[in-house]
Amino acid sequence: MLKLRTLFIIAIALLTLTNCKFSATNNVAPAAPKYKTKNAIIIVMDGARYSETLGDSSKHYIPFLTQLIAPNGIIDNSFYNDGPTYTNAGHSALCTGYYQEISNDGTEFPSHPSLFQYMNRQLNTKQSLSWVVASKDKLSILANCSNPNWKGTFLPSFNCGTDGSGTGCGYRSDSLTCVKAKEILANEHPRLMLINFAEIDGAGHSKIWGDYLHAISTTDTYVYDIWKFLQTDKNYKSSTAVFITSDHGRHSDGVLDGFCNHGCPCDGCRHVLFVATGPDFKKNAVISKHYDLRDIPATIGELMGFPFPSDGEVMKEILH
């Protein structure tokens, strides 16, 4: 009789422990995602000098950026290209998180795999969910790399240049790039995209000051058009980080031929604009923390939840 009573007590104890275990497990809430960001868009105002954009106290040429976009996010007044200050090198840093001396004519791939490739591999996303869309045909090189372990794998889609086919087809107008970018966003719903608007750079190289300033104003409207679309589309509203910057600036006044060109380490070539909006960023904030082009892809990897080794650092100062 005592033996049966002992066995009965043990059975009751085990049943109680088991019920407690299941109860505790069922009552534990799943961990909340670390960030709200699900998508990321990088918009490049190619060749815009800081002194005519955020560095201009009147902000005369970028009213949409400063009056309608920036209040919803954050400005960094100390953002730089700390590497080679020309187009393909600057864009390569934005996509790979590394600075590299690279051919500027579209004949050389970046040496490191891109943010797009890492996302496609780590998150198992299809090619149509990551895009490079550029007015400059030569920027199709951003869709691949020369690293033998990555070349030709996990590639993004691209639409660059006059007919979208990339290097060799020529440059197209930014108005067409804006239309194409919105078309891809609406139809393909990519999670990651880089958009290049090239006309500021072209106008600077024309050596006509008025054309250069006009191009900044025009590009400001294209940037706003893209941003406004993202705020109203169900796939992007409240879940998209938008980074607006430049790949390089232009020579400082008094350095070489000034605004007409770029490529040296002067402050005019290195210092560029930076505005970011998104669900995980501070609102209506201005900082002066030295960040650079490599830090944008590092931050995107952090926000979207996939490992991204690079020389960049996560821009913690811009986050909530």
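Read the figures in this text as sums done on the coordinates, not as results from a lab. Bear in mind that the values here come from a model prediction, so they are computed numbers and not experimental data. Methodologically, a virtual Cβ is constructed for each residue, glycine included, from the backbone with ideal geometry; neighbour enumeration extends over all protein chains shown.
Worth a mention:
- With Cα atoms as the point set, region 138-211 shows a radius of gyration and Dmax of 14.5, 47 Å.
- Counted as membrane-span-like here are DSSP H helices of the chain whose alpha-carbon atoms extend 24 Å or more along the helix's own axis and whose Kyte-Doolittle mean is 0.5 or above; these are 2-27.
- Environment charge of D211, counting only residues whose C-beta is closer than 12 Å and scoring Lys/Arg +1, Asp/Glu -1: -1
- In sequence order, region 190-195 has phi-based couplings of x, 8, 9, 8, 10, 10 Hz under the Karplus curve 6.51 cos²θ - 1.76 cosθ + 1.60, θ = phi - 60°, and Gly or Pro positions carry x.
- Square roots of 5 times each gyration tensor eigenvalue, C-alpha, the chain, largest first, Å: 46, 22, 18
- Amide H contacts for V272 (H built 1.01 Å from N in the peptide plane; partners 5 or more residues away or on another chain; cut-off under 5 Å): F79, Y80, N81.
- Region 228-279: Cα Rg divided by the 2.2 N^0.38 Å rule of thumb: 1.66
- Alpha-carbon spread of region 22-148, three principal axes, descending order, Å: 62, 45, 25
- Formal net charge of residues neighbouring R270 (Cβ-Cβ distance under 9 Å; K, R +1; D, E -1): -3
- Within region 218-320, the GluC sites (Glu not before Pro) that combine a DSSP coil assignment with at most 16 other C-beta atoms in a 10 angstrom radius are E313.
- Where only DSSP H runs of four or more residues are counted, the chain gives -10500 deg cm²/dmol as its mean residue ellipticity at 222 nm, each run worth -39500 (n - 2.57).
- Counting 0.36 nm for each residue step from N284 to T107 and taking away their Cα separation leaves a gain of 59.6 nm.
- Globularity ratio of region 168-320, using Cα Rg and 2.2 N^0.38 Å: 1.13
- Within region 33-121, trypsin sites (Lys or Arg not before Pro) in DSSP loop having at most 14 other beta-carbon neighbours inside 10 Å: K34
- With a cut-off of 14 Å between beta carbons, the residues surrounding W131 carry a summed charge of +2, where Lys and Arg count +1 and Asp and Glu -1.
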